[in-house]
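Since the structure comes first, as structure tokens, the remarks are kept for the end.
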Amino acid sequence: MSLPVIDQDYFVDFLVKLLNVTSPTGFADPAIEFVEKELSQYKQLQLSRTRKGALIAKWSPSTGSGRSAESDLPPVALTAHVDTLGAVVKEIKSNGRLKLSRIGGIQWPSVETEGVWVFTSKGEKIRGSVLIDTASGHVHGVDGSRTPRDDDHMEVRLDARTISEVETRALGINIGDCVAFDPRVEVTNGFIRSRFLDDKACVANIVAAIKSMTDEGLSPARTVYFHISNYEEVGHGAAAGIPSDVAELISVDMAVVGKGQESDEFNATLCIKDGGGPYHFGLNNKLRALAGKHNIPYKTDVYVFYGSDGEAFWRAGGDVALALIGPGIDASHNYERAHIDGLNATTNWIIAYLLEG
Ligand SMILES: [Zn+2]
């Protein structure tokens, strides 16, 4: 059987919109809500939220009459995360500017001069940008290039009239307020360039897979739970929220592209081992067989500085077979880039697993 066609325009449109929804870890609710709203149009899905705020979508196999039925096989789950790197206000400086505490591992040089939104606890947002504290070339000369790009020297300059701590506090800004970096999304020539393709690309893969199957009246071979995680970037997103009867879990998350890596932007990748150790041999082989059968282009790879949400579930005591697949993302946790070929390969792999897994 051949796989249903992926609606490219739908995929790209949904992904671009999701990338533009701010969702640093701890402040990811707007993205959870956005995905929830999108999935609510697929009436066969049962949507719910965990107490921690993750979104769960349950899809049961349908019988010939369109009624849903429980399959004899135990359910499976897929997880992908909408939370991203970001920051919170750590300190309001005497000049009115903000020092930040990073959420996850954003690299300072990659966001130098980037636009930000500061979200106050009262629900207002204030515009600004990230600069080194020796930014003016006419004031600091060559010192600007020598200044370390670190927590102490990077600051937010607000686009509001403040030159003192008192004036900044009067804007409604407080310690702990969320700071979101602009994603800067561009789609050119099959490439999607943006921050936070990790892991919004894979959330879009899952949503596009659901749409493709729905459009052709298909349903999964066994009950599946989609777990849209909101705390992955800090290491414990899927530690909770995967039902205990789930037999197999697939983390759908970016593949590492760069020097020494096998992954690239034009293929999907099956990760055999990462910083948390090896994945499940049997489930890996099942995914390899599906890819082979459906001509899905993929690589296998090993990631060094990487841990997945599936491993968070394993560490929390989850008793499942676990695998990790995803599209190659260049320059991860920096200014990222993906290609539609690698993204399609991942969507197709998800569809093949849902139909035949
Ligand atoms: Zn990720």
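The values are calculated or read from the model by the stated rules, or taken from the named source; none is laboratory data. As the structure is a computational prediction, the values presented were derived from the model and not from experiment. Glycine also receives a Cβ, built like all others from the backbone with ideal geometry; neighbour counts cover every protein chain displayed. Calculation scope for accessible area: heavy atoms of the full protein, side chains included, ligands and nucleic acids excluded. Shrake-Rupley method; radii C 1.70, N 1.55, O 1.52, S 1.80 Å.
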### Message
From Cα pairs below 8 angstrom and at least 6 apart in sequence, can you work out the relative contact order of the range 173-319, rounded to a whole percent?
### Response
24 percent
### Query
How far apart, in nm, are the 7 Å Cα→Cβ label points at Tyr42 and Val187?
1.9 nm
### Query
In debye to the nearest 20, how big a dipole does the chain give about its Cα centre with +1 on each Lys and Arg Cβ and -1 on each Asp and Glu Cβ?
400 debye
### Message
Quick check on the chain: helices-only [θ] at 222 nm, where DSSP H runs of length 4 and up contribute -39,500 (n - 2.57) each and the sum goes over total residues. Nearest 500, please.
### Response
-8000 deg cm²/dmol
### Task
Please report, in debye to the nearest 20, how large the charge dipole of the range 164-236 is about its Cα centre when each Lys and Arg carries +1 at its beta carbon and each Asp and Glu carries -1 there.
240 debye
### Between helix 281-293 and the chain: long-axis angle, C-alpha atoms, 0 to 90°, nearest 10
80 degrees
### Message
Looking at the chain as a GNM with Cα springs under 10 Å, which of Arg51, Arg146, Arg288 has the largest mean-square fluctuation?
### Response
Arg146
### Summary
Once phi for every residue in the range 36-49 is put through the Karplus expression 6.51 cos²θ - 1.76 cosθ + 1.60 (θ = phi - 60°), the whole-Hz ³J(HN,Hα) values, with Gly and Pro written as x, are 4, 5, 4, 6, 5, 6, 8, 5, 6, 8, 9, 9, 8, 10
### Task
Mind pulling the angle between the C-alpha long axis of helix 197-215 and the longest principal axis of the chain? Nearest 10 degrees, somewhere in 0 to 90.
30 degrees
### Task
Would you mind calculating the relative contact order of the chain from Cα pairs under 8 angstrom and at least 6 residues apart, reporting the percent as a whole number?
23 percent
### Task
For an R0 of 56 angstrom, estimate the FRET efficiency from the Cβ-Cβ distance between Glu112 and Ala221 and round to the nearest 0.05.
0.70
### Message
Which one, Leu283, Val257, Asn230, projects farthest toward the positive side of the charge dipole computed for the chain from Cβ point charges (K/R +1, D/E -1)?
### Response
Asn230
### Message
How many angstrom lie between the Cα centre of the range 98-115 and the Cα centre of the range 144-189?
### Response
8 Å
### the chain - share of DSSP beta bridges that are antiparallel (%, nearest 5)
65 percent
### Query
Treating the beta-carbon of each Lys and Arg as +1 and of each Asp and Glu as -1, no other charges, what is the dipole magnitude of the range 212-312 about its Cα centre, to the nearest 20 debye?
400 debye
#### Entry: Residues of the range 106-222: accessible area per residue with a 1.4 Å probe, Å²
46 Å²
### Distant-in-sequence amide H partners of Leu100 (H built 1.01 Å from N, under 5 Å)
Lys90
